[in-house]
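Have a look at the structure below before the remarks.
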Amino acid sequence: MKISSSSNTQILNLISQNKENTSNTLEKIGAMKELSGVDSANLVISDALSSQISSLTQSVQNANETVSMYQIADSSLQALQANSDRLNELSVRYNSASLNDDQRAMVQKEFSAIQGAMQDITEQTTYNGQNMLSSAYGLEVSGLSELSVDDQEGIANFRENLSSLSQTAGGSINRAMSEITNSLTTITNLSSANAQIAEKPMEEKIAQLNSDEIKLTSSTLAQVHQNNLMQQSILALLN
């Protein structure tokens, strides 16, 4: 006597149908996710975080520009300091009693040439068309044109001023770098939080669907196994 397998076939069809339904549901969720990005309940929070991230990103860009600006200024200040060291050497030499008039004239000529080159540096140190070695940026180089080869005190004061300006530029660079580091850390944290808000609810739904599918499939397979055992028992009785 042959036992019908229609029960098994029906159960297996249910499994197949369940998988198809689950797949369709997941596709719909994926489409919803692409369209909405976040659940409506979290939309306000996500928008607020996105706004903060955008603002901080702009702050980082501004700080990067500040770093570039003051690095240019600091580079020029270092060049001016190196030249001022040479001016000081020439001044010491000029005031030496061992030099004659011709030698002093040569020293004066070199002094004036370096002084002119330094003036060019101060005028050509620009960023986006703005002169960086000016009072607008707290880096005004003053007293250069008044320097004299025989005025060692004036040269010493000028060198101290350059050193102070270099410290100011360095401080501005350090503050901007610190701002960049802090902002990037905050952006990373906010982005992570925003991603969790946007992704977690949808992921939970998908996980739940997968869990339901596993439970249904396991239950159905158990039923198939039970039916097989029943058929075997019936066959044994008939034999």
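How many residues, within the range 163-175, are in contact with a helix residue (DSSP H, G or I) (Cβ under 8 Å, 6 or more places away or on another chain) and within 11 Å of D74 (Cβ to Cβ)?
6
Going by the structure shown, is S59 out of contact with any His (no Cβ under 9 Å at 6 or more places or on another chain), of a type in the set (G, A, S) and farther than 30 Å from T185 by Cα?
The answer is no for S59.
Limited to the range 152-168, what total is found for residues that are farther than 18 Å from Q108 by Cα, surrounded by fewer than 17 Cβ atoms within 10 Å (Cβ to Cβ) and of a type in the set (G, A, S)?
Total satisfying the criteria: 2.
Among the residues of the range 127-156, which ones are over 25 Å from Q71 (Cα atoms) and assigned to a loop (DSSP other than H, G, I, E, B)?
Within the range 127-156, E146, L147, S148, V149, D150, D151 qualify.
Suppose we keep only residues that are among the hydroxyl-bearing types (S, T, Y) and surrounded by 18 or more Cβ atoms within 10 Å (Cβ to Cβ) within the range 169-185. Which one would you say is nearest to S50 (Cα to Cα)?
Once the filter is applied, the top-ranked residue is S183.
Please work out which residue is surrounded by the most Cβ atoms within 10 Å (Cβ to Cβ), limiting yourself to the range 82-108 and to residues that are of a type in the set (A, V, I, L, M) and assigned to a helix (DSSP H, G or I).
Among residues in the range 82-108 that are of a type in the set (A, V, I, L, M) and assigned to a helix (DSSP H, G or I), the one surrounded by the most Cβ atoms within 10 Å (Cβ to Cβ) is L87.
For F111, are the conditions met, namely being free of Cβ contacts under 8 Å to residues at least 40 places away in the same chain and buried (at least 20 other Cβ atoms within 10 Å of the Cβ)?
yes
Which count do you get for residues in the range 149-174 that are farther than 20 Å from A82 by Cβ and in contact (Cβ under 8 Å) with a residue 24 or more places away in the chain?
Residues in the range 149-174 being farther than 20 Å from A82 by Cβ and in contact (Cβ under 8 Å) with a residue 24 or more places away in the chain: 2 in total.
Taken together, the values in this text are just the output of simple stated rules run on the coordinates, not laboratory data. As the structure is a prediction and not an experimental result, all values here were calculated from the model. FYI the Cβ positions are ideal-geometry reconstructions off the backbone, even for glycines, and counts take in every protein chain you see.
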